[in-house]
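Below is one structure, written out as structure tokens; comments come after it.
FYI, it's all coordinate maths here, none of it is from the lab. The structure presented is a predicted model; accordingly, all values stated were derived computationally and were not measured. Ideal geometry is used to build each Cβ from the backbone, glycine not excepted, and the neighbour counts take in all protein chains shown.
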């Protein structure tokens with residue numbers, strides 16, 4: 001079987017690469033199946049603490065594989081949501097290293113990630129309406145990042161936009177010069193490795209859950225979470241390390 005996704009691990013960072021440059025890393029059934037397996041494996045690996053998602057070749061991801069989708073339109077609809085859910089719910093931070101252009105479903109992957117960094121030459125577009133489709137599945141992640149006016153502009157027109165604009169509307173954390181992409185990705189990975197694993201997972205839960213909770217319920221739940229985290233072994237180690245002016249036992253500098 002052809003490998004369309006590959007994983008490389010260095011230290012505590014696993015890099016998952018969409019590796020089908022001939023198709024501009026299109027989301028075929030095989031690629032989605034392999035991507036889910038690689039992500040699940042990285043999440044389950046106790047030696048991995050940060051996951052980087054990127055693409056091979058000049059594009060990050062061109063979206064649905066249009067050579068395949070017309071023959072089996074239900075395939076992507078079945079395989080893609082679990083991939084987005086896996087990234088969104090991952091207890092380990094996921095950095096999207098956007099090496100090139102992203103279209104349609106590729107932007108859904110970016111929006112599902114916790115931190116997204118793109119090279120300035122990268123372009124983005126929700127092209128679905130131009131082929132008679134709708135950015136439906138990816139709306140679930142993208143609309144959690146984008147303001148509604150920007151979403152209406154790009155969902156309805158299909159117009160392409162640059163990395164600077166993608167950062168402005170919340171799809172990217174940073175847009176950087178192309179030569180700086182690797183260094184900026186590593187900088188964020190190093191910052192994440194300084195956080196306690198359990199605390200990072202809990203903080204992801206806060207970011208995911210709190211916006212949808214009524215105020216009173218949110219305050220109550222977050223007070224309980226705060227108390228439990230301060231009483232945790234990680235917090236005890238972190239505070240002891242702070243007092244002793246040393247690194248906590250989870251901190252890693254690759």
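Comparing 225, 27, 18 in a Gaussian network model of the chain (Cα springs below 10 Å), the most mobile by mean-square fluctuation is 225. How far, in degrees from 0 to 90, does helix 233-244 lean away from the longest principal axis of the Cα atoms of the chain, to the nearest 10? Tilt relative to the chain: about 60 degrees.
Which of 212, 108, 238 ends up with the largest GNM mean-square fluctuation for the chain, with Cα atoms connected below 10 Å? Largest GNM mean-square fluctuation: 212. Bridges between two residues of the range 5-192, per DSSP, are antiparallel at a rate of about 25%. Calculated on the alpha-carbon coordinates, the convex hull of the range 5-192 measures out at 100 cubic angstrom per residue. In a fully extended conformation the segment linking residue 233 and residue 153 would gain 24.0 nm over its present Cα-Cα distance, using 0.36 nm per residue.
Residues 159, 128, 153 in ascending order of nearby Cβ atoms (within 10 Å, fewest first): 159, 153, 128. Ranked by how many other Cβ atoms sit within 10 Å of their own Cβ, fewest first, the residues 46, 228, 20, 28 fall in the order 46, 228, 28, 20. For the pair residue 8 and residue 224, a Förster radius of 45 Å applied to the C-beta separation gives a FRET efficiency near 0.70, rounded to the nearest 0.05. Cβ-to-Cβ counts within 10 Å put 204, 92, 245 in ascending order as 245, 204, 92, the fewest first.
Take the Kirkwood radius over Cα pairs of the range 196-244, plug it into Stokes-Einstein at 20 °C and 1.002 mPa s, and you get 182 µm²/s for translational diffusion.
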